[in-house]
Amino acid sequence: MKNIRNFCIIAHIDHGKSTLADRLLEFTHTIQVTSGQMLDNMDLEKERGITIKSHAIQMEYTYQGEKYILNLIDTPGHVDFSYEVSRSIAACEGALLIVDASQGVQAQTISNLYMAIEHDLEIIPVINKCDMASANPEEVEDEIVELLGCKREEVIRASGKTGMGVEEILAAVIERIPHPEGDEDAPLQALIFDSVFNSFRGIIAYFKIENGIIRKGDKVKFFNTGKEYDADEVGVLKMDMVPRNELRTGDVGYIISGIKTSKEVKVGDTITHIARPCDKAIAGFEEVKPMVFAGVYPIEAEDFEDLRASLEKLQLNDASLTFQPESSLALGFGFRCGFLGLLHMEIVQERLDREFDMNVITTVPNVSYNIYDKQGNMKEVHNPGGMPDPTLIDHIEEPYIKASIITTTDYIGPIMTLCLGKRGELLKQEYISGNRVEIYYNMPLGEIVIDFYDKLKSISKGYASFDYQPNGFRTSKLVKLDILLNGEPVDALSTLTHIDNAYDMGRRMCEKLKELIPRQQFEIAIQAAIGAKIIARETIKAVRKDVTAKCYGGDVSRKRKLLEKQKRGKKRMKQIGNVEVPQKAFLAVLKLD
Ligand code: GTP
């Protein structure tokens, strides 16, 4: 136990965690790095260059003649995945806090740091990318000293690219991070901090032993689910899984025990022995609740069951994805899926397409609303299409967030205007250093899911970072805005919006849809309505698209070919009543300027 160090790396997105982790693995001869990042093994992770799932890996390192076991837990930096960060933090005694030498402290640097401090982790500050020409380590060091209240000498300068500072980091991990504590003779108490689905081995749970010893073949119980298993295999995580006969207090490892679905493994649960159980579970983590919902529909109705099977498979891997069947008058049968955030939603969509070849239409994302009727009963609604009759509603509550934005003084004005337009209330404003400011806002989550990230990025030219935390529910004056195509309401295009914005939004939705829906052989009326009241209208003029006109003469086979081609071109459309609507149109609300 004395020679074990469990640590994680926390940072803002893209500040170089994975690259630095690779250097540590290389330096300790845990792996031979050939190309790319070794810790990001999912294809999608490689392409996007971001870490989606946390990974744990064990290194051996000899320091001043003594052998140490260093368990590194890699974490993702994006706001949607901050629950993954909190899991890994709970399994560690220390954290490397990585800050990009040219970017400085950013929104998730701070939110992840607070999480680490809450768990009493020893923090080792590291300024990364010091090799870059634009690096400004002096100023970043000021920010870190200000943020942590640490000494200048405690800040390590490094580069994941050149390997600078890597040895110093390993020394600091050993010298500054305390070894795990616990009682080897006590009943087994191991904290599950993650799980993965492996198509050959089933569900594998990762744990850290707080007390006791686990041996291969032990009969164990998961405290919260009450389920019992045989520990068929236990071991440590190197580049591969390495089976061991026993793991002791302080160790980080895995267990394979015939677990069928990821639902049986609750992250934060405690593993103990059946014969000699511990008397209480380790304080677990909060359950993650989906924050963003969207409808996912197969383009071809007959693919519904395939879509269900694909979502079930995805869920084996990603317990935070939720889905339940729903039907839409416009889109037929599909599922309402719950995601942790917008990036999570995008990744699920992309995985459906790549891994399962599922061609789907997704609807505009929305949040979860609490709807109260006149009798005071509350109903959670995850789909604006499923709203009760407005005359039955007493009031509606929507989720709020506390947003933190870090930017430079040049962009404060435009950012404040943006937040105000999103119904944000300024909470406070603090200078981090020189010309960099942190601004806090109270804002409705529903306004963020629409197009906040993109707008923030463009108005700040990328010089703003953003993070948020849920901040309860509030009563708001929300109305349902419906869209009608040729008089038919299209439920998949309904949105909930604040009454003050409804008219403007209705008008802009009609204009946008006019742009996005191709002209057809008849006139199409696009209307926006609140209840029975029409508030905006646009018309798409009819066109007679004669694709065969080009084929002069009577070459029948050529004509047929062209018609076939036109048919295929229609595939990515959804027929609504007699109108063909492209996927883009279902996301029109995201594209309003
Ligand atoms: P997420 O996992 O997505 O949060 O990113 P990350 O923090 O793991 O960042 P990653 O290691 O993927 O690095 C982000 C980018 O910075 C990549 O393009 C790296 O090549 C680059 N990079 C990382 N470290 C250094 C460094 O020390 N110097 C330079 N010049 N570039 C670096």
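The values are calculated or read from the model by the stated rules, or taken from the named source; none is laboratory data. Computed from a predicted structure; not experimentally measured. Cβ coordinates were reconstructed from backbone atoms using ideal geometry, including for glycine residues, and neighbour counts include every protein chain displayed. Accessible surface is based on the protein model in full, side chains and every heavy atom, while ligands, DNA and RNA are left aside. Shrake-Rupley method; radii C 1.70, N 1.55, O 1.52, S 1.80 Å.
Quick notes
- Only a single criterion out of (1) over 28 Å from Ala502 (Cβ atoms); (2) modelled with pLDDT of 90 or more; (3) over 26 Å from the mean Cα position of the chain (by Cα) is not satisfied by Thr417, namely (1).
- Restricting segment 228-251 to residues that are charged (D, E, K, R) and modelled with pLDDT of 90 or more, the residue that is most open to solvent (accessible area, probe 1.4 Å): Glu228
- Count - residues of segment 487-515 that are open to solvent by less than 60 Å² (accessible area, probe 1.4 Å) and in contact with a strand residue (DSSP E or B) (Cβ under 8 Å, 6 or more places away or on another chain): 16
- Some residue of segment 105-114 being under 24 Å from Leu70 (Cβ atoms), modelled with pLDDT under 95 and more than 11 Å from the ligand (Cβ to nearest atom): yes
- Taken over segment 453-465, the criterion of being of a type in the set (A, V, I, L, M, F, W, C) and not in a strand (DSSP E or B) is satisfied by Leu456, Ile459.
- Total residues in segment 147-169 satisfying the condition of being in contact with a strand residue (DSSP E or B) (Cβ under 8 Å, 6 or more places away or on another chain) and within 16 Å of the ligand (Cβ to nearest atom): the figure is 10.
Here's the yes/no breakdown for (1) farther than 30 Å from Ala133 by Cβ; (2) at pLDDT below 90; (3) within 13 Å of the ligand (Cβ to nearest atom):
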{"site": "Leu25", "(1), (2), (3)": "no, yes, yes"}
{"site": "Ser54", "(1), (2), (3)": "yes, yes, yes"}
{"site": "Glu66", "(1), (2), (3)": "yes, no, no"}
{"site": "Asn71", "(1), (2), (3)": "yes, no, no"}
{"site": "Glu84", "(1), (2), (3)": "yes, yes, yes"}
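- Unique residue being touching a residue at least 40 places away in the same chain (Cβ under 8 Å) and in a helix (DSSP H, G or I) when the list is Ile401, Ile406, Ile450: Ile450
- Segment 352-402, residues that are outside the structural domain of Leu426 (by the TED database), open to solvent by 80 Å² or more (accessible area, probe 1.4 Å) and over 15 Å from Gly295 (Cα atoms): Asp353, Arg354, Glu355, Asp357
The rows are residues; the columns are (1) assigned by the TED database to the domain that holds Met358; (2) surrounded by fewer than 21 Cβ atoms within 10 Å (Cβ to Cβ); (3) in contact with a Cys (Cβ under 9 Å, 6 or more places away or on another chain); (4) part of a helix (DSSP H, G or I).
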{"site": "Ile255", "(1), (2), (3), (4)": "no, no, no, no"}
{"site": "Lys260", "(1), (2), (3), (4)": "no, yes, no, no"}
{"site": "Ala281", "(1), (2), (3), (4)": "no, yes, no, no"}
{"site": "Arg308", "(1), (2), (3), (4)": "yes, yes, no, yes"}
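- Residue within segment 252-261 that is at pLDDT 90 or above, more than 31 Å from the chain's Cα centre (by Cα) and farther than 30 Å from Ser327 by Cα present: no
- Residue match in segment 415-437 (condition: under 19 Å from Lys477 (Cβ atoms), in a strand (DSSP E or B) and not hydrophobic (A, V, I, L, M, F, W, C)): yes
- Single condition Thr475 does not satisfy, out of (1) in a strand (DSSP E or B); (2) surrounded by fewer than 17 Cβ atoms within 10 Å (Cβ to Cβ); (3) without any contact (Cβ under 8 Å) to a residue 60 or more places away in the chain: (3)
- Helices (runs of 4 or more DSSP H) completely within segment 83-198 that count 1 or more residues being under 17 Å from Phe7 (Cα atoms), in contact with a Pro (Cβ under 6 Å, 6 or more places away or on another chain) and open to solvent by less than 30 Å² (accessible area, probe 1.4 Å): none
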